[in-house]
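Readers should treat all values here as calculations from the given coordinates under stated rules, not as data from a laboratory. Bear in mind the structure is a predicted one, so any value in this text is a computation, not a measurement. Because the Cβ atoms are built from the backbone with ideal geometry, glycine has one as well, and the counts that use them run over all protein chains shown.
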Amino acid sequence: MTTYFIQSTSVPKGASVIPIHICRPDMVEARLKSLTPAQQAYAKAHTFNGNSGQAVLVPADTGEVALVLFGVGQNSDGYSDSALQVGILAEKLQAGYYEIASAPEDFAKALMATAWGLGAYRFGRYLQQTPNLPILVLSPDICPNETKAIVRAAHKGRDLINTPASDMGPKALHREAKKLAETYGADFKAIVGKNLLKDNYPMIHAVGRAAHEKPRLLEFTWGEQDAPSLAIIGKGITFDSGGVNMKSAAGMRIMKKDMGGAAHALALAEMIMAAKLPIRLHVLLAVAENSVSGNAFRPGDILSSRKGLSVEIDNTDAEGRLVLGDALTRASEENPDLIMDCATLTGAARVALGPILVPFFSNRKAPIEAILASGDTHKDPLWPMPLWAPYMRMLSSPIADMKNAANSFAGCITAALFLQKFIGDDQAWMHFDVYGWNQTANPARPKGGELFAVRGLFHWLKEGGLKDGGLKNERLKNGGLKKAG
């Protein structure tokens with residue numbers, strides 16, 4: 001892994017460490033007074049006023065960089081003016097050692113360091129040359145080990161999403177999951193190809209049977225048996241052509257990212273294992289390529305499922321919920337304290353909330369407030385959506401227990417309702433409909449593959465989220481909404 005950080009005790013002898021001073025506009029005057037007259041003049045000549053994204057490299061008398069002034073704007077919307085802006089510096093600064101010497105009091109040190117690491121990311125697998133990046137010095141109060149682990153997991157997840165399907169098909173994703181499990185001593189197993197039918201995972205098999213690489217269910221378990229238990233499920237469609245209901249060229253262009261749910265699941269699992277959280281972890285990846293050939297599943301087909309429910313195929317491009325259905329059923333059989341699934345599932349989620357704000361569905365009310373707070377604190381935002389039961393009628397079928405797609409209304413809700421059918425009646429469950437992609441570059445979020453909500457969820461788990469007694473309560477009916485009429 002490329003070096004983005006170094007601990008303060010490991011800075012090479014004689015190396016200079018350049019201080020960074022992070023300022024809002026109302027902090028600039030006091031900061032400039034601490035500089036020499038020549039440095040003040042230099043900063044004023046470059047009109048440093050603390051505006052968002054403004055960086056001035058202030059020289060010493062020798063001409064070398066003495067310090068960096070970085071503006072983050074005024075606290076107005078609570079998101080762009082945040083510690084995530086530190087991610088810009090990892091792109092703007094030249095190679096060398098840097099430390100954050102001062103910042104607004106409400107900027108958490110660990111979050112600033114994390115933002116630096118996230119902003120430093122480059123996907124260089126296919127490039128002949130990659131740039132030398134600046135290195136941030138981590139003091140002990142920045143939680144250096146945890147910060148490095150979070151950034152490492154995020155970068156691996158981004159790499160998985162950014163790698164094209166030619167090099168990240170089902171076999172390659174299998175290898176990556178196995179490698180991660182072995183790194184942390186987890187017990188790994190895989191069910192591949194026709195063995196999916198033998199072991200009763202018919203929907204995973206149906207979705208992936210037309211591709212040249214076999215579909216598979218990947219599983220690993222980690223942690224003490226008597227610890228609070230968590231199942232994390234990831235949608236691993238390594239490329240989504242749409243199947244027989246084929247996508248347009250534009251719609252297919254970035255469908256290498258359709259295994260983004262699996263990348264999210266692996267990244268969250270790695271954060272948990274690296275931090276040695278007291279959790280019994282069960283990770284399941286439903287992996288397939290949704291391709292087209294003579295044996296592809298078709299609109300109008302009826303699929304059986306591990307749950308025993310029959311599903312009429314309305315649209316072969318609604319395949320992610322099919323593979324997740326079998327995986328959710330498998331996870332429920334272990335009766336964990338909580339199941340989470342992550343999936344690049346619906347375009348409707350993007351229409352509703354855009355590319356960054358993640359809609360999540362929970363059949364328990366108790367943890368919602370704490371999860372939202374964690375996402376806000378760590379600038380990894382989510383928004384709760386309702387499991388509005390009356391919409392289940394949109395998935396009704398006259399010849400099967402249900403169909404796999406509804407009309408154009410409430411697409412992310414009906415997808416979540418479909419998934420809910422495959423968990424146990426008393427099982428606590430959350431579903432995260434993630435985009436997995438940055439269309440444009442933002443602070444700490446370069447263009448391309450991206451993980452959403454994972455950091456916030458990790459910190460919620462770290463603070464004991466699985467011990468919330470509310471996970472044992474009855475299901476949250478209709479997402480907390482009252483039925484109209």
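Hey, any idea what the orientation-averaged projected area of the convex hull of the stretch 27-119's Cα atoms comes to, in nm²? Numbers along the way, then the final one.
Values: hull surface 24.1 nm².
Across all orientations, the stretch 27-119 yields a mean hull projection of 6.0 nm².
What is the packing order of peptides 155-164, 232-241, taking the mean over residues of other C-beta atoms within 10 Å and listing the highest first? All intermediate terms of the calculation are to be shown ahead of the outcome.
Working: 155-164: 21.8, 232-241: 28.6.
Sorting 155-164, 232-241 by mean packing, highest first, produces 232-241, 155-164.
Lys/Arg Cβ at +1, Asp/Glu Cβ at -1, dipole of the chain taken about the Cα centre: which of 269, 140, 174 is farthest positive-ward?
174
So in the stretch 149-480, what percent of DSSP beta bridges are antiparallel if you round to the nearest 5? Walk me through the numbers on the way to the answer.
Numbers: 21 of 46 bridges.
Within the stretch 149-480, antiparallel bridges account for around 45 percent of the total.
Using the beta-carbon distance between residue 276 and residue 29 and R0 = 51 Å, what value does 1/(1 + (r/R0)^6) give for FRET efficiency, to the nearest 0.05? Write out the running numbers ahead of the final one.
Numbers: r = 46 Å, r/R0 = 0.90.
That pair, residue 276 with residue 29, gives E of 0.65.
For a bin width of 10 Å, list the pair-distance distribution of the chain built from all Cα-Cα distances, rounded to whole %.
4, 20, 29, 23, 14, 7, 3, 0, 0
Near residue 92, which lysines are there with a Cα under 19 Å away, not counting those fewer than 8 places off in the same chain?
Reachable lysines: 447.
Only counting other Cβ atoms within 10 Å, I'd like 106, 326, 468 sorted with the fewest neighbours first.
On the way: 106 10, 326 28, 468 20.
The order, fewest Cβ neighbours first, is 106, 468, 326.
Roughly what would the spin-label model give for residue 292 and residue 55, points 7 Å off Cα along C-beta, in nm?
Distance between label points: 4.5 nm.
If each of residue 224 and residue 246 carries a label point 7 Å out from its Cα toward its Cβ, how far apart are those two points in nm?
If labels sit at residue 224 and residue 246, their model points lie 5.5 nm apart.
Compute the long axis of helix 144-162 from its Cα atoms, compare it with the longest principal axis of the Cα atoms of the chain, and write down the angle in degrees, 0 to 90, nearest 10.
Roughly 50 degrees, rounded to the nearest 10.
To the nearest µm²/s, what D does Stokes-Einstein give for the stretch 193-337 at 4 °C and 1.567 mPa s, using the Kirkwood radius over alpha carbon pairs as Rh? All intermediate terms of the calculation are to be shown ahead of the outcome.
On the way: Rh = 15.7 Å.
Translational diffusion coefficient: 83 µm²/s.
Going 7 Å from the Cα of residue 183 toward and past its Cβ, which residues in the stretch 1-26 have a backbone nitrogen under 19 Å from where you end up?
1-7, by backbone N distance to the label point.
Please determine, in degrees from 0 to 90 and to the nearest 10, the orientation of helix 368-377 with respect to the longest principal axis defined by the Cα atoms of the chain, where the helix direction is its Cα long axis.
With both axes taken from Cα atoms, the answer is about 30 degrees.
Which listed residue (28, 124, 71) has the Cα farthest towards the positive end of the charge dipole for the stretch 5-140, taking +1 on Lys and Arg C-beta and -1 on Asp and Glu C-beta about the Cα centre?
Selected residue: 124.
Putting +1 on Lys and Arg Cβ atoms and -1 on Asp and Glu Cβ atoms, find which of 155, 229, 453 reaches farthest to the positive end of the dipole of the stretch 149-480.
155
If a paramagnetic tag sat 7 Å from the Cα of residue 109 along the Cα-Cβ line, which residues of the stretch 140-170 would have the backbone N under 19 Å from that point?
Flagged as within label range: 140-151.
What lysines could a cross-link reach from residue 365, if we take a straight Cα to Cα line under 30 Å and drop same-chain neighbours fewer than 8 places away?
235, 276, 307, 379, 403, 421, 462, 467, 472, 477, 482, 483
How much mean residue ellipticity at 222 nm does the chain get from its helices, if each DSSP H run of length 4 or more adds -39500 (n - 2.57) and you divide by all residues, to the nearest 500 deg cm²/dmol? Display every interim value, and only then the final one.
Working: 15 runs with 144 residues, N = 485.
Rounded to the nearest 500, it is -8500 deg cm²/dmol.
Taking neighbour Cβ counts within 10 Å as the exposure measure, how do 112, 168 sort from fewest upward? Present the calculation step by step, with values, prior to reporting the outcome.
Details: 112 25, 168 22.
By the 10 Å Cβ count, ascending: 168, 112.
Report the calculated FRET efficiency for residue 166 and residue 129 (r = Cβ-Cβ distance, R0 = 22 Å), to the nearest 0.05.
For residue 166 and residue 129, the calculated efficiency is 0.50.
Could you size up the charge dipole of the stretch 230-300 around its Cα centre, putting +1 on the beta carbon of Lys and Arg and -1 on that of Asp and Glu, and report it in debye to the nearest 20? If you can, show how the numbers build up before the last one.
Working: 8 positive and 4 negative charges, 15 e Å.
Here the size comes out at about 80 debye.
When ranked by the protection proxy of mean other Cβ atoms within 10 Å per residue, highest first, what sequence do the peptides 354-363, 137-146 form? Please list the in-between numbers first.
On the way: 354-363: 20.6, 137-146: 17.2.
Averaged packing, sorted descending, gives the order 354-363, 137-146.
With N set to the number of residues, divide the alpha-carbon radius of gyration of the stretch 334-485 by 2.2 N^0.38 Å and report two decimals.
Details: Rg = 15.9 Å, N = 152, 2.2 N^0.38 = 14.8 Å.
My calculation over the Cα atoms of the stretch 334-485 gives 1.07.
On full extension of the chain, what length is gained from residue 36 through residue 462, given 0.36 nm per residue of separation minus the C-alpha to C-alpha distance?
Values: separation 426, 0.36 × 426 = 153.36 nm, distance 4.46 nm.
Once the chain is fully extended between residue 36 and residue 462, it gains 148.9 nm.
Based on the alpha-carbon gyration tensor of the stretch 318-361, what equivalent-ellipsoid semi-axes (square roots of 5 times the eigenvalues) come out, in whole Å, largest first?
Numbers: eigenvalues 115, 35, 6 Å².
With the √(5λ) rule applied to the stretch 318-361, the semi-axes are 24, 13, 6 Å.
Please state the charge dipole magnitude for the stretch 390-480, taken about the Cα centre, from unit charges on C-beta atoms (+1 on K and R, -1 on D and E), reported in debye and rounded to the nearest 20.
It comes to approximately 180 debye.
Work out the length of the dipole vector of the stretch 141-286 about its Cα centre, built from +1 on the beta-carbon of each Lys and Arg and -1 on the beta-carbon of each Asp and Glu, and round it to the nearest 20 debye.
Values: 21 positive and 15 negative charges, 119 e Å.
Approximately 580 debye in magnitude.
Mind ordering 113-125, 269-281, 379-391, 311-323 by average Cβ neighbours within 10 Å, highest first? Don't skip to the end; give the middle numbers.
Numbers: 113-125: 22.7, 269-281: 20.5, 379-391: 18.5, 311-323: 24.2.
Peptide ranking by packing, descending: 311-323, 113-125, 269-281, 379-391.
Residues in the stretch 294-325 near a label at residue 351, defined as backbone nitrogen under 20 Å from the 7 Å Cα→Cβ point?
Residues 314-322 fall inside that zone.
Please compute the length gained on full extension between residue 409 and residue 75, using 0.36 nm multiplied by the number of residues separating them and subtracting their Cα-Cα distance.
Details: separation 334, 0.36 × 334 = 120.24 nm, distance 3.70 nm.
So the extension gain works out to 116.5 nm.
Working from Cα positions, state the angle (0 to 90°, nearest 10) between the long axis of helix 170-183 and the longest principal axis of the chain.
Helix 170-183 sits at roughly 60 degrees to that axis.
For residue 95 and residue 301, FRET efficiency with R0 = 51 Å and r from the beta-carbon atoms, rounded to 0.05? Let's see the in-between values first.
Values: r = 56 Å, r/R0 = 1.10.
Result of the calculation: an efficiency of 0.35.
Cut-off is 10 Å between beta-carbons; in what order do 298, 445 appear when sorted fewest neighbours first? Walk me through the numbers on the way to the answer.
Working: 298 12, 445 21.
Ranking 298, 445 by Cβ neighbours within 10 Å, fewest first, gives 298, 445.
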